[in-house]
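Report on one structure; see the data block that follows.
The values are calculated or read from the model by the stated rules, or taken from the named source; none is laboratory data. Here the structure is a predicted model, which means the values were calculated and not measured. Cβ coordinates were reconstructed from backbone atoms using ideal geometry, including for glycine residues, and neighbour counts include every protein chain displayed.
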Amino acid sequence: MKCKTFLRRAASALLSCLLGCSCMAVQPVFADETALSIRGDLNRDGLVNAADLSLLEQILLGRERNDMDASAADWDGNGSLTAADAWGLQGFLLGIPENSTGLNPKMFAAALDGIDVRIEGDDILQTGTVNGQDYTMTLNLSKWEKNTTPEQLVTLSRLFWQCYPRMYARYADLSEAPSAVTLAIENEGYEVAGASGNFVHLHDTWLKRYPNDFDCITHELAHVIQNGWYGEYLEDSGFIERFADCSRYEYALDSGRYNDGGWTLQTIADESTRSTSVRFLVWLDYNYTDADTDILRNYLDVCRNSKISSDQWERAWNEIFAGTKLADRTIDEVWAMFAASDFANLSSHSSSGSGSELLNRYPIREKILSLEQQ
């Protein structure tokens with residue numbers, strides 16, 4: 001009984017470490033490379049038990065332990081110590097069998113409140129219901145070579161459940177977007193990420209190189225929401241990417257904690273036309289979406305469903321502006337209004353967890369949340 005109580009307490013501390021330091025990794029220091037290590041036997045007493053889990057907790061919390069066998073602590077054998085090693089050791093002590101991914105489903109379930117998580121072969125299957133809608137996210141690891149860390153896999157899972165249901169609730173009735181999505185972590189193919197149908201690809205080395213660029217997946221999930229736009233029916237085929245980038249900014253994980261310090265909105269000086277400007281769409285949404293009319297829903301509906309040829313897009317803009325205060329204006333007049341505003345020029349860059357000049361003046365994400373709650 002004492003052992004189980006200790007394990008529960010240790011698991012709670014390790015969970016706090018995992019959620020608070022999602023990308024933390026400690027490089028092992030091998031005090032005696034000639035000694036034979038037993039996997040999990042950190043204190044070298046010949047046993048693998050709760051005392052070893054306690055030692056691993058100490059080093060993950062940043063408390064140096066010179067008496068620890070770091071080679072034994074590296075449960076997954078990837079050369080660094082992370083919360084994944086703690087979950088692996090804890091699972092062993094609790095009698096949870098390992099699987100083909102080498103991951104413990106509890107590691108994911110602990111960070112995904114109310115989501116059912118199970119592992120089948122190379123897939124981490126996540127199912128849940130958000131606001132009455134059932135969703136499934138399959139994290140496919142058949143081509144994962146562990147460059148993307150287990151902690152990053154957990155963060156990507158959080159991103160899906162935080163961001164995709166919100167976009168789905170806003171647009172899916174217009175685009176017939178899928179409620180089941182597969183995210184494959186693959187050490188092959190396109191180096192960043194891509195989407196086709198309900199399948200999203202993330203290159204296994206991308207987050208290793210750019211450890212805060214989680215919201216590249218928010219962009220790809222927006223492509224899943226689009227569910228088929230045809231360039232010949234757009235004023236400019238680049239509108240496909242502009243919408244995905246607008247969604248990346250508006251629905252960024254943890255209100256832009258990872259996004260706004262790296263990738264963010266360009267000012268009008270850098271994106272000087274409506275065909276290239278992501279910020280223009282954000283401006284339209286912030287100023288002209290209300291409880292009665294959603295201008296970006298109008299935009300998606302026209303881009304995907306109206307089938308207006310590129311040379312007829314003055315009419316398309318009229319459809320997009322219908323029901324808003326822009327209904328009597330031309331697209332050129334609207335662009336001029338945007339270009340003359342401070343919204344077009346304020347910096348949208350911010351360090352992790354802090355607001356930018358743009359967000360301090362215009363609470364863009366808060367407005368979207370308030371409209372969702374109406």
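Would you mind stating whether Leu326 is at pLDDT 95 or above and under 27 Å from the mean Cα position of the chain (by Cα)?
Numbers: at pLDDT 95 or above: yes; under 27 Å from the mean Cα position of the chain (by Cα): no.
No, not satisfied.
Quickly run through the stretch 361-374 and pick out the residues that are free of Cβ contacts under 8 Å to residues at least 24 places away in the same chain and under 16 Å from Ala252 (Cβ atoms).
Residues of the stretch 361-374 free of Cβ contacts under 8 Å to residues at least 24 places away in the same chain: 361, 363, 366, 369-370, 373.
Hits for the stretch 361-374 are Pro363, Glu366, Leu369.
Basic (Lys, Arg) and under 20 Å from His219 (Cα atoms): does that describe Arg329?
Numbers: basic (Lys, Arg): yes; under 20 Å from His219 (Cα atoms): no.
Against the criterion (basic (Lys, Arg) and under 20 Å from His219 (Cα atoms)), Arg329 does not qualify.
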Residue that is surrounded by the most Cβ atoms within 10 Å (Cβ to Cβ), among those in the stretch 193-220 that are more than 14 Å from the chain's Cα centre (by Cα) and assigned to a loop (DSSP other than H, G, I, E, B): Asp204
Checked the stretch 131-170 for anything more than 18 Å from Asp215 (Cα to Cα), touching a residue at least 60 places away in the same chain (Cβ under 8 Å) and surrounded by 18 or more Cβ atoms within 10 Å (Cβ to Cβ); matches are Trp144, Lys146, Arg170
Search the stretch 340-374 for residues being of a type in the set (Asp, Glu) and surrounded by fewer than 12 Cβ atoms within 10 Å (Cβ to Cβ), and hand back the single one that is farthest from Ile268 (Cα to Cα). Glu372
Give me the pairs: first residue in the stretch 117-130 and under 17 Å from Ala169 (Cβ atoms), second residue part of a strand (DSSP E or B), beta-carbon distance under 8 Å, and six or more apart or on different chains, which are they? Gly128/Asp116; Gly128/Asp134; Gly128/Tyr135; Thr129/Tyr135
Return the residues of the stretch 231-262 that are part of a loop (DSSP other than H, G, I, E, B), free of Cβ contacts under 8 Å to residues at least 60 places away in the same chain and surrounded by fewer than 19 Cβ atoms within 10 Å (Cβ to Cβ); say none if nothing qualifies. Ser237, Gly238, Gly262
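From Ser347, Ser275, Ser351, which residue is assigned to a loop (DSSP other than H, G, I, E, B) and touching a Leu at 6+ places or on another chain (Cβ under 9 Å)? Please lay out each step first, then the result.
Numbers: Ser275 fails: touching a Leu at 6+ places or on another chain (Cβ under 9 Å); Ser351 fails: touching a Leu at 6+ places or on another chain (Cβ under 9 Å).
When all the criteria are applied, what remains is Ser347.
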